[in-house]
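Quick note: the coordinates plus some simple rules give every number you see, no bench work behind them. Every value quoted in this text rests on a predicted model; they were computed, and no experiment measured them. Heads up, the Cβs are rebuilt from the backbone with ideal geometry, glycines too, and the neighbour counts pull from every protein chain shown.
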Amino acid sequence: MHNKIRLGLIGGGPRSFIGPVHRIAAYMVEEFDLTGGVFDVDFEHSLSFAKALELDSNRCYKDLDAFITGESKLPEDTRIEVVVILTPNYLHFEMAKKLIEGGFDIICEKPVTVYASEAEELSLLTQKHGTKFCLTHTYTGYPMVRQMKSMIEEGKLGRIQKVDAQYYQGWINPFIHDSEKRKQVWRLDPAVAGQSCCMGDIGVHAFNLIEYTTGLKVQKVLSDLETLYDDNPLDVDGTVLIRMENGAKGVVRSSQIASGEENNIIISVYGKDGGLKWAQEDPTYLHYLPEGEPAQVLKPGNPYNSEFAMDSTKIPPGHPEGLFDAMGNIYKGFSKAIRGESYFNGAFPGIEDGVRGMRFIEAVLRSNAEGQAWVEI
């Protein structure tokens, strides 16, 4: 039995939504041991959080610089090896840069940075330092998304000719119509969220799912974005026409003002010989539409699925798996990379997925700014 990989968190403390998702995912794959970190900007909150998790208070640090200095003084066989960045977007680049230069491998929430140039710089730094880097595009961890990827790789759909990805939420709608309330939403603040709200937060997930499942790159985009109010600086809704490298066309539809919607992600891919459809709110069903044959519904854990999808399923058929399990699959794949073991293609998104995502966001913003012009990624 090998030792567990020592894990540190930057952010993800008592007031975090995504922190528990990462902690549970790391725990469920039984490969990581949460050892310490910087859990909150308030050191007292951070300490009390560490105490609640029964962590060594000496491994709870005031800030990132103290974390790097403190861990570097420890014997190598006790030092934290992998650091998870769970802070607001504007902090990702500087934190990741310092951690790479400090010798840590990284798991980072998306978007990876605020600007594409920063993501490109991180990519070069990972190459220079031999850093392993995981970007948590969580939806790539669902077994039936991986089954979708496998079937497309096997040629089940033939030549891809149409793609359609949707990500609809409604959570900003209660805030956006009140000028004072919307000023309190950090995702609408460019100083914290970066260049984009809707496309940077959720549209990039839809884009990532298209490239992940099809294996094709998006070459050009034509976008129409909505801020809803003149004094709101960032997009809350948008539609993006896309052209793929093989000539196929498609659309990315994304909104955070789709009133009443929760987390409505749907991806559909159509080829010459059939189509595939998957929805995140009903994740155990993959709809297969073979040309000229009855439609089929594929479900996880059954032997007709690919090795990759089967490896991503933890329990017998008929037992639904969700977001925590999907994140766990990404942690599982990354643990294999850390240990130098073999892993499936697509087992976890990497820094290049982060670069692609940032280039997509910037191309979408430029297209909209230029009056809905086609822009190359």
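Summary of computed values
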{"quantity": "Spin-label proximity, residue 231 to the stretch 177-204 - amide N less than 18 Å from point 7 Å beyond Cα toward beta carbon", "calculated": "177-191"}
{"quantity": "Amide H contacts under 5 Å for residue 9, placed H, 5+ residues apart", "calculated": "36, 37, 38, 84"}
{"quantity": "Residues residue 245 and residue 352, FRET efficiency given R0 of 22 Å [Cβ-Cβ distance, rounded to 0.05]", "calculated": "0.90"}
{"quantity": "Spin-label pair residue 171/residue 259, simplified geometry with 7 Å Cα→Cβ offset, distance in nm", "calculated": "2.0 nm"}
{"quantity": "Gain in span if fully extended, residue 370 to residue 345, counting 0.36 nm per residue against the direct Cα distance", "calculated": "5.3 nm"}
{"quantity": "Ellipsoid equivalent to the stretch 5-138 - semi-axes via the Cα gyration tensor, in Å", "calculated": "22, 17, 14"}
{"quantity": "Which of 117, 254 has the fewest Cβ neighbours within 10 Å, and the rest in rising order", "calculated": "117, 254"}
{"quantity": "The stretch 149-277: C-alpha gyration tensor shape, a/c 1.5 cut-off, then a/b vs b/c", "calculated": "prolate"}
{"quantity": "Per-pair calculated FRET efficiency, R0 = 41 Å: residue 281 and residue 30 via Cβ, rounded to 0.05", "calculated": "0.90"}
{"quantity": "Percent of beta bridges antiparallel (DSSP, the stretch 5-138, rounded to nearest 5)", "calculated": "0 percent"}
{"quantity": "Amide hydrogen neighbours beyond the local backbone of residue 219, cut-off 5 Å, H modeled", "calculated": "243, 244, 245"}
{"quantity": "Per principal axis, descending, Cα span of the stretch 271-367 in whole Å", "calculated": "41, 41, 24"}
{"quantity": "Low-density loop cleavage sites - trypsin sites (Lys or Arg not before Pro) in the stretch 49-95, where at most 12 other Cβ are within 10 Å (DSSP)", "calculated": "73"}
{"quantity": "Rounded if a/c under 1.5, otherwise prolate or oblate - the stretch 127-202, Cα gyration tensor axes", "calculated": "oblate"}
{"quantity": "Label zone at residue 220 (point 7 Å along Cα-to-Cβ), backbone N below 16 Å, the stretch 322-363", "calculated": "363"}
{"quantity": "Integer Hz, Karplus 6.51/-1.76/1.60 couplings in order for the stretch 146-156, x for Gly and Pro", "calculated": "5, 5, 4, 4, 4, 5, 5, 4, 6, x, 4"}
{"quantity": "Orientation-averaged projected area, Cα convex hull of the stretch 1-50 (nm²)", "calculated": "3.4 nm²"}
{"quantity": "The stretch 123-171 - Kirkwood radius from inverse mean 1/r over Cα pairs (Å)", "calculated": "14.3 Å"}
{"quantity": "Beta bridges by DSSP in the chain, antiparallel share as percent, to the nearest 5", "calculated": "60 percent"}
{"quantity": "D_trans [Stokes-Einstein, Kirkwood Rh over alpha-carbon pairs] for the chain, 10 °C, 1.306 mPa s, µm² s⁻¹", "calculated": "74 µm²/s"}
{"quantity": "Over 27 Å (Cα to Cα) - which of 183/277; 110/249; 181/249; 4/97 fall in this group", "calculated": "183/277; 181/249"}
{"quantity": "Coil-residue GluC sites (Glu not before Pro) of the stretch 1-58, DSSP, other Cβ within 10 Å capped at 16", "calculated": "30, 54"}
{"quantity": "339, 356 arranged by Cβ crowding within 10 Å, fewest neighbours leading", "calculated": "339, 356"}
{"quantity": "Gained length - residue 2 relative to residue 183, 0.36 nm times residue gap less alpha-carbon distance", "calculated": "60.2 nm"}
{"quantity": "Projected area averaged over orientations for the stretch 60-213, convex hull of C-alpha atoms, nm²", "calculated": "12.7 nm²"}
{"quantity": "Simple spin-label estimate for residue 162 and residue 69 in nanometres, 7 Å along Cα-Cβ", "calculated": "6.0 nm"}
{"quantity": "Alpha-carbon centroid distance for the pair the stretch 216-261 / the stretch 304-377, whole angstrom", "calculated": "19 Å"}
